[in-house]
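The values are calculated or read from the model by the stated rules, or taken from the named source; none is laboratory data. All values derive from a computational prediction rather than experimental measurement. A quick note on method: Cβ atoms are made from the backbone with ideal geometry, for glycine too, and the neighbour counts reach across all protein chains shown.
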Amino acid sequence: MAGIREQDQYMPIANVIRIMRRILPPHAKISDDAKETIQECVSEYISFITSEANERCQKEQRKTVTAEDILWAMGKLGFDDYVNPLAFYLQRYRESEGEPASVRRTSSHAVPHPPLPLSMLQQQQQLPFLSAMPVSSIDGNNNCYGFGYGFDFDQGFYRDGVGGGGDASSSAAAFVPNFDHCFPHLKRDNSNM
Amino acid sequence: MRQAGAYSNLLCGGISGRTGPHSLPLARIKKIMKNSSEDVKMISGVAPIVFSKACEIFIEELTRRSWIMAIDGKRRTLNKEDIASAVIATDIFDFLITLVSNSDATDDATVIQMETI
């Protein structure tokens, strides 16, 4: 006899089914064991990503697993198609919560940096022009999530200047934070030399 | 277009409340994160929010791929074998292979035990 399922180690089945129904045609049926299997897969996914993210934290001697760690782990484990839409979602969430820019800057930090001038902050917090980036990507996963933007959580969006983030192979590179814009005074120094 | 559904959800979906309109319960996500390994110490407040969206995308992708398997088998009911086939066919789902094949093994063992009694 199978043991009693501990429901609190899974996502609620009603929520899972609702999300599945977005994908399936109206006439489709879902067997009970399929529902349970998806439930289990979701929990396994969370554990899988979190373990990897946590390892990175430990290596860097940080105590808190951050959203950035989670996205890094997803990129590393092959879910790089998820990274850009999630980064965008997180950006929207932070803006809708009315988090002041200074709080966003200091939260979940891996690398300290000097405060940005206000003009640069304003520039960075503009929403990206989503229509500028073609959505189709030709990769095995048949996923259309590429937006062509890298994401630095603490300072909002930056454009991926290294070529489109629309395909899976480059989006991992796009995710590496680019801190060049933190030190504009140094750049100017270099050009004056 | 299927992707449009996921996309428009991003734009007009519920980001208005901290706990409210996320599709998946944040406290439960946090619990699963803590259970993932012994030494998970602290979790930032937004990490479960990222996961709530990520799990939606994950469920959608797994469902989509599994449904393709059901159609291949000319069925209208999505069942566990379809999920197992989708997992095997997708590289990034390798971490699920044990999960989907273990379930099958357990069920088979249970059936055999019941038959011998």
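Side notes on the structure shown:
- Take the conditions (1) surrounded by fewer than 21 Cβ atoms within 10 Å (Cβ to Cβ); (2) more than 9 Å from every other protein chain (Cβ to nearest Cβ); (3) under 18 Å from residue B:57 (Cα atoms); residue A:56 misses just one of them, which is (3).
- Residues satisfying the stated conditions in region A:27-53, i.e. more than 7 Å from chain B (Cβ to nearest Cβ) and either closer than 20 Å to residue B:23 by Cα or in contact with a strand residue (DSSP E or B) (Cβ under 7 Å, 6 or more places away or on another chain) (or both): A:35, A:36, A:39, A:49, A:53
- Members of region A:2-26 that are at the interface with chain B (Cβ under 7 Å from one of its Cβ atoms), part of a loop (DSSP other than H, G, I, E, B) and over 30 Å from residue A:80 (Cβ atoms): A:2
Condition check ((1) within 12 Å of another protein chain (Cβ to nearest Cβ); (2) assigned to a helix (DSSP H, G or I); (3) modelled with pLDDT of 95 or more) across all residues:
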| residue | (1), (2), (3) |
| --- | --- |
| A:69 | yes, yes, yes |
| A:73 | yes, yes, yes |
| A:78 | yes, no, yes |
| A:85 | yes, yes, yes |
| A:91 | yes, yes, no |
| A:104 | yes, yes, no |
| A:108 | yes, no, no |
| A:114 | no, no, no |
| A:122 | no, yes, no |
